[in-house]
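The values are calculated or read from the model by the stated rules, or taken from the named source; none is laboratory data. Worth saying up front: this structure is predicted, and the values here are computed from it rather than measured. Methodologically, a virtual Cβ is constructed for each residue, glycine included, from the backbone with ideal geometry; neighbour enumeration extends over all protein chains shown.
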Amino acid sequence: DSGVTQTPKHLITATGQRVTLRCSPRSGDLSVYWYQQSLDQGLQFLIQYYNGEERAKGNILERFSAQQFPDLHSELNLSSLELGDSALYFCASSVSDSPEQFFGPGTRLTVL
Amino acid sequence: GNSVTQMEGPVTLSEEAFLTINCTYTATGYPSLFWYVQYPGEGLQLLLKATKADDKGSNKGFEATYRKETTSFHLEKGSVQVSDSAVYFCALSLQGAQKLVFGQGTRLTINP
């Protein structure tokens, strides 16, 4: 158990809908990262937050957004969903200066 | 840009065989290097890491040495077990930009 929690574990929804994925980092970790794992794209970095502020952006679509709250949990919002958004979404956390990241169990999103 | 290339899978071995999974990288600067493992239905777990040239990371019988001259970080294990069956990801992160850049993953199956 990495100490990073993600909810829900599975999510099934329809095209055009909006969903929210939630992540709680390990106790004491200030950085939260979001990654998408799909069969065709592999594991891709989406976005990083550090202590409430956006720090880095990767291949995140404009339809996607995220935030980190004062209690350090983070949410990833996916809107106007398309079939191609079906994937595993992972959250990871790290202490401020460490390159080592700890991953949650992931949320499997299926868009029908 | 920064990238990681892993040997193509899947890899199938018999129990007690010697394992090598090749990983090479391209990076600007001096990356930290990681191997992550993903067991079926689970998130990613950090297997081992190395943060500077000639460092050797090791864990659970697995080893990898950071070779700057060949830009490689090959994963090895002397005697694999059925329980090592999983997908293995090589990854790098750069100082000051802590997002992980992953290879495409190598699926390993160990037969009894």
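Quick check, is B:K99 on the phi < 0 side of the Ramachandran plot, buried (at least 20 other Cβ atoms within 10 Å of the Cβ) and at pLDDT below 95? In short, yes. All of (1) within 27 Å of A:Y89 (Cα to Cα); (2) touching a strand residue (DSSP E or B) at 6+ places or on another chain (Cβ under 7 Å); (3) away from chain A (no Cβ under 14 Å) hold for B:A91 with one exception: (3). In the set B:E76, B:E63, B:E15, only one residue is more than 14 Å from chain A (Cβ to nearest Cβ), in contact with a Pro (Cβ under 6 Å, 6 or more places away or on another chain) and modelled with pLDDT of 95 or more; that residue is B:E15. Of the strands (runs of 3 or more DSSP E) lying entirely inside segment B:10-107, those containing at least 1 residues that are within 17 Å of A:F102 (Cα to Cα) are B:32-38, B:44-50, B:56-59, B:86-94, B:97-102. Would you pick out the residues in segment A:1-25 that are among the small types (G, A, S), modelled with pLDDT of 95 or more and closer than 13 Å to A:G106 by Cα? Once the filter is applied, which keeps residues that are among the small types (G, A, S), modelled with pLDDT of 95 or more and closer than 13 Å to A:G106 by Cα, segment A:1-25 yields only A:S24. In summary, strands (runs of 3 or more DSSP E) completely within segment A:25-112 and bearing 2 or more residues that are of a type in the set (D, E) and more than 9 Å from every other protein chain (Cβ to nearest Cβ) occur at A:53-57. Within segment B:29-58, the set of residues being free of Cβ contacts under 8 Å to residues at least 60 places away in the same chain and either touching a Lys or Arg at 6+ places or on another chain (Cβ under 6 Å) or at positive phi (or both) comprises B:G41, B:A53, B:D54, B:G57. Determine, yes or no, whether B:A50 is crowded, with 16+ Cβ neighbours inside 10 Å and away from chain A (no Cβ under 12 Å). When the stated conditions are applied, B:A50 does not pass them.
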